[in-house]
Amino acid sequence: MDWEVSASGYAAVWATANTREALFDAMERRETYATTGTRMVVRFFGGWDFEAQDAVNRRPATVGYAKGVPWAVT
């Protein structure tokens, strides 16, 4: 349980592939996030039925589950 309350950092990179080149390219594009606090759960949804106004919906998870397939990244 100590790992859950430690002050170590946690970082992620959204890259096109799991290669050194793709990771560095993603870091240059700043497609990253990091935290030293509470662990975040990032949810991505993929699908063909999304519309532009879905991106600004106040309940994005509801729209995501209704129109797409969830991908959980922890």
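Just give me the residues in segment 3-40 being among the basic types (Lys, Arg) and at pLDDT 90 or above, in sequence order. Give the derivation first.
Filtering segment 3-40 down to residues among the basic types (Lys, Arg) leaves 20, 29-30, 39.
Those that are among the basic types (Lys, Arg) and at pLDDT 90 or above: Arg20, Arg29, Arg30.
Among the residues making up segment 16-57, a single one is open to solvent by 70 Å² or more (accessible area, probe 1.4 Å), small (Gly, Ala, Ser) and in contact (Cβ under 8 Å) with a residue 12 or more places away in the chain: Ala34.
The values are calculated or read from the model by the stated rules, or taken from the named source; none is laboratory data. Since the model is a prediction, treat every value here as computed from it, not as a measurement. So basically every Cβ, Gly included, is an ideal-geometry build from the backbone, and we count neighbours across all protein chains shown. Heavy atoms of the whole protein, side chains included, go into the accessibility calculation; ligands, DNA and RNA do not. Shrake-Rupley method; radii C 1.70, N 1.55, O 1.52, S 1.80 Å.
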